[in-house]
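The values are calculated or read from the model by the stated rules, or taken from the named source; none is laboratory data. Just so it is clear, the model here is predicted, and its values are computed rather than measured. Here the Cβ is made from the backbone with ideal geometry for all residues, glycine too, and neighbour counts use every protein chain on show. Calculation scope for accessible area: heavy atoms of the full protein, side chains included, ligands and nucleic acids excluded. Shrake-Rupley method; radii C 1.70, N 1.55, O 1.52, S 1.80 Å.
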Amino acid sequence: MQGYMGKILRVDTCRRAAVEEKLSESMKERFVGGRGFAIKILWEEVRGVDPLSPENKLVFALGPLTGQAIPSSSKMVIATKSPLHGGYVDANIGGRAPVHMKQAGYDVVVLEDRSEKPIIIYIEDGTIQFLDATGIWGLDTYKAQDVLEERFGKKNGMLLIGPAGEKGVSFACIMSQKGRAAGRGGVGAVMGAKNVKAVIFKGTQKSKVFDPEALTALGREGYAEIK
């Protein structure tokens, strides 16, 4: 199956380490992407844990159409065990972050454990950096984005939390681009519980598709209908 980068990135926020796993063909065929990937991982790995504990996991997951030249393809699922109701939850977000996550080389990124201090996770073309976030901890997402754009530029995909996520508010969102929100079920509180202020993706890689010309034609038709 085409349209994938073929890799899952597991990020241990406590040890500040990351490990890549191969995205299996059976996982693609059975779960396709996005919500399917997230449900599989969380069902197998986080049942019976406290949503705001280090044992919970935060999953960023893409599908095979993410970042392709078709309408509304810049989408990502962010999923976890919800601090609001205790069950599975996922929230969708669009913009630059999903495209840059795929171009950085990953179909799924899983945040695990809990960092001792506030951090920024910077992922670029298969390299991962863990950077100090104490200077922006406490800022709202607009101000934090301004600071991070001065440091990393605007040509990237940025996901952030504000004071609500930092303080564990059970319905806190994860924000991007000053207004885009992954707004269901408290995903921001889980990111805050891991002491992660922001995740930044930047990449230049491209996924392979089975028939590029046909996909381009479908994209043109779709954009024409929208106009």
For Arg151 and Ser26, extending 7 Å from Cα along the Cα-Cβ vector and measuring point to point gives, in nm, a value of 4.2 nm
Within segment 58-154, DSSP-loop GluC sites (Glu not before Pro) with at most 14 other C-beta atoms within 10 Å are Glu116
Accessible-area order for Lys75, Lys154, largest to smallest, probe 1.4 angstrom, reads Lys154, Lys75
3J(HN,Hα) from dihedral phi, segment 91-107, Karplus parametrisation 6.51/-1.76/1.60, rounded to Hz, x for glycine, proline: 10, 9, 8, x, x, 6, 4, x, 5, 5, 5, 5, 5, 6, x, 10, 8
Sequence of Lys40, Lys178, Lys102 when ordered by accessible area, the most exposed leading, probe 1.4 angstrom: Lys178, Lys40, Lys102
In Å², nearest 10: area of Cys14 left accessible to a 1.4 Å probe: 70 Å²
Across segment 164-176, in residue order, what do the Karplus-derived ³J(HN,Hα) couplings come to in whole Hz, using 6.51 cos²θ - 1.76 cosθ + 1.60 with θ = phi - 60° and x for Gly and Pro? 5, x, 4, 8, x, 4, 5, 10, 5, 9, 9, 10, 7
For segment 110-223, take the convex hull of the Cα atoms, compute a quarter of its surface area, and give me that in nm², please. 8.8 nm²
Of the residues Leu65, Phe152, Ala224, the Cα lying farthest along the dipole of the chain towards its positive end, which is defined by charges on the beta carbon of Lys, Arg, Asp and Glu, belongs to Ala224
Report, please, the projected area of the chain averaged over directions, based on the convex hull of its C-alpha atoms, in nm². 11.9 nm²
Return the sequence-ordered ³J(HN,Hα) values of segment 189-204 in whole Hz as given by the Karplus equation 6.51 cos²θ - 1.76 cosθ + 1.60 applied to θ = phi - 60°, using x for Gly and Pro. 5, 5, 5, x, 5, 8, 6, 9, 7, 8, 10, 10, 10, 8, x, 10
Gain in length, Lys227 to Asp125, computed as 0.36 nm per residue apart minus the alpha-carbon separation, to one decimal in nm? 33.3 nm
Using the scaling law 2.2 N^0.38 Å as the reference, what is the normalised Cα Rg of segment 1-95? 1.12
Probe of 1.4 angstrom, ligands and nucleic acids ignored: what's the accessible area per residue over the chain, in square angstrom? 47 Å²
About its Cα centre, segment 11-63 carries a charge dipole, from +1 on Lys and Arg Cβ atoms and -1 on Asp and Glu Cβ atoms, whose size in debye to the nearest 20 is 120 debye
Calculated from DSSP helices alone, with each H run of at least 4 adding -39500 (n - 2.57) and the total divided by the residues of the chain, [θ]222 nm to the nearest 500 comes to -8000 deg cm²/dmol
Output the antiparallel fraction of DSSP beta bridges having both residues in segment 82-227, as a percent to the nearest 5. 70 percent
Can you pull the percent of segment 45-154's accessible area that's carbon plus sulfur, 1.4 Å probe, other chains left in place? 49 percent
With +1 at each Lys and Arg Cβ and -1 at each Asp and Glu Cβ, the charge dipole magnitude of the chain around its Cα centre, to the nearest 20 debye, comes out at 300 debye
Between Lys208 and Arg10, what is the label-point separation in nm under the 7 Å Cα-to-beta-carbon projection? 2.7 nm
Given backbone amide H placed at 1.01 Å from N, residues whose amide H is under 5 Å from that of Tyr4, ignoring those fewer than 5 places away on the same chain, are Lys208
If one takes the longest principal axis of the Cα atoms in the chain, at what angle in degrees, from 0 to 90 and to the nearest 10, does the Cα axis of helix 35-45 lie? 40 degrees
Electrostatic dipole magnitude of segment 122-189 [Cβ: Lys, Arg +1; Asp, Glu -1; Cα centre; debye, to 20]: 300 debye
